[in-house]
Amino acid sequence: GWVRLSGGERLKGDLVLWAVGVRGNPLPGLPADARGRVPTDPCLRLVGYPEVYVVGDLNGLGFPQLAPVALQQGRWAARNLLRALREQDPLPFRYRDRGQLAVIGRNRAVAELWGLGVAGLPAWLLWAFVHLRELVGFRNRLLVFLDWAYTYLFREPGVRILPD
């Protein structure tokens, strides 16, 4: 496939991934609803194009636009791609809601797990643990943990890397 960059340059690639924020921002030419979601079948495939999978904020199945949903959908799409390579039928996506976590500030967070609400420092520590666990690789986990520890202990902003 091809990707056209904002400056007009085109890049050719064997695999094209489209990643966006909280509101769906579909590729030009794709059908989308008012929230920017693209219609898919229950197996996460673009309607009419079974070789194209749509996950995360763009997926039109109506799941919350949250990282845990996108992570599960990505894994599910990969599993279905492997099934397609083995000439097996894809499986419909099933979301497993493990609860919600949100950081509010220093030592402040809220969590809802298995129907139980938790707030304050315990929820904040739980959020940090879950966030670190989801990072790929020990080095990434260690660097983020050290940055957080420095920021926490010295009350200085952590590392901010902004694109050009």
Quiz prompt | In degrees, nearest ten, helix 138-154 long axis to first principal axis of the chain (Cα) | solution = 40 degrees
Practice problem: State the label only: which of (i) 17.7, 59; (ii) 19.0, 56; (iii) 29.7, 82 corresponds to Rg and Dmax of the Cα atoms in Å computed from the shown model? | Solution: (ii)
Quiz item: Accessible area per residue, 1.4 Å probe, Å², for segment 1-158: what's the number?
Solution: 72 Å²
Quiz prompt | Cα-based helix-to-principal-axis angle, 121-134 vs the chain, degrees rounded to 10 | solution = 40 degrees
Practice problem: Could you tell me which of rounded, prolate or oblate describes segment 22-107, using a ≥ b ≥ c as the square roots of the eigenvalues of the alpha-carbon gyration tensor, with rounded for a/c under 1.5 and, failing that, prolate when a/b is larger than b/c and oblate otherwise? | Solution: oblate
Exercise. Tell me which residues come under 5 Å, amide H to amide H, from Leu44 once H is placed; ignore anything under 5 positions away on its chain.
Key: Phe93
Quiz item: Helix-derived [θ] at 222 nm for the chain: sum -39500 (n - 2.57) over DSSP H runs of at least 4, divide by residue count, nearest 500?
Solution: -10000 deg cm²/dmol
Quiz item: In whole angstrom, how far apart do the alpha carbon centroids of segment 96-150 and segment 25-66 sit?
Solution: 28 Å
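With +1 on each Lys and Arg Cβ and -1 on each Asp and Glu Cβ, and nothing else charged, work out how big the dipole of the chain is about its Cα centre, in Debye to the nearest 20.
The dipole of the chain has a size of about 260 debye.
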Practice problem: Give the angle, between 0 and 90 degrees and rounded to the nearest 10, that separates the Cα long axis of helix 67-85 from the longest principal axis of the Cα atoms of the chain. | Solution: 40 degrees
Quiz item: What number comes out for the charge environment of Arg96, summing +1 per Lys or Arg and -1 per Asp or Glu over other residues with Cβ under 14 Å away?
Solution: +3
Quiz prompt | Qualifying chymotrypsin sites (Phe, Trp or Tyr not before Pro) in segment 107-157, DSSP loop, other Cβ atoms within 10 Å at most 14 | solution = Trp114
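The values are calculated or read from the model by the stated rules, or taken from the named source; none is laboratory data. All values derive from a computational prediction rather than experimental measurement. So basically every Cβ, Gly included, is an ideal-geometry build from the backbone, and we count neighbours across all protein chains shown. Each accessible area value is taken on the protein alone, full model and side chains, heavy atoms only, with ligands, DNA and RNA left out. Shrake-Rupley method; radii C 1.70, N 1.55, O 1.52, S 1.80 Å.
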